[in-house]
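In what follows, a single structure is set out as structure tokens and then discussed.
Bear in mind that the values in this text are calculations on the coordinates, not laboratory data. Being a predicted model, the structure only gives us computed values, none of them experimental. Neighbour counts run over all protein chains shown; Cβ positions are idealised from the backbone, glycine included.
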Amino acid sequence: MVKSLSIKSSSSTGFKVNNLSTEMQQLADIQEGDIIAQVDGVPISEIMANPAMWLKFSSSTSLPLSVMRDNQMQIIYINASSLSAKMMPSLGL
């Protein structure tokens, strides 16, 4: 579905998205190579350390993600409700 790689630089920490399925690209405006830094202001490292935190965001239809794309930080909005339906089973939630 999605593979990620932990990234840490002097200015930020995040997860680089690789090997996106067509379905994931359709569900979210996440692109191959994006580095997800925050979800609704919460560092992605905190969410990945405790996947149950995703439940807090799972019903949002316009969830802001801070992503590094093409060397620029951008905020994109995803439909977490649709994405959660696909991701939560693989997280054991």
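How would you rank 46-55, 28-37, highest first, on the average number of other Cβ atoms within 10 Å across their residues? Mind showing how you got there, number by number?
Working: 46-55: 13.3, 28-37: 17.9.
So the peptides 46-55, 28-37, ranked by packing, come out 28-37, 46-55.
Run the numbers for residue 13 and residue 81: contour at 0.36 nm per residue of separation, minus the present Cα-Cα distance, in nm.
Details: separation 68, 0.36 × 68 = 24.48 nm, distance 2.50 nm.
Additional length available on full extension: 22.0 nm.
Each residue of segment 61-66 in order: what ³J(HN,Hα) in whole Hz does its phi give by Karplus 6.51 cos²θ - 1.76 cosθ + 1.60, θ = phi - 60°, with x for Gly and Pro?
Values, residue by residue: 9, 8, 8, x, 10, 8 Hz.
If you take every residue apart from residue 39 with its C-beta less than 12 Å away from the C-beta of residue 39, what net charge results, scoring Lys and Arg +1 and Asp and Glu -1? List each step's numbers first, then the result.
Values: positive: 56; negative: 40, 46.
Summing Lys/Arg as +1 and Asp/Glu as -1 gives -1.
Go ahead and run the numbers for FRET between residue 70 and residue 46, Cβ-Cβ distance against an R0 of 25 Å, rounding to 0.05. If you can, show how the numbers build up before the last one.
On the way: r = 25 Å, r/R0 = 1.01.
Efficiency at R0 = 25 Å is approximately 0.50.
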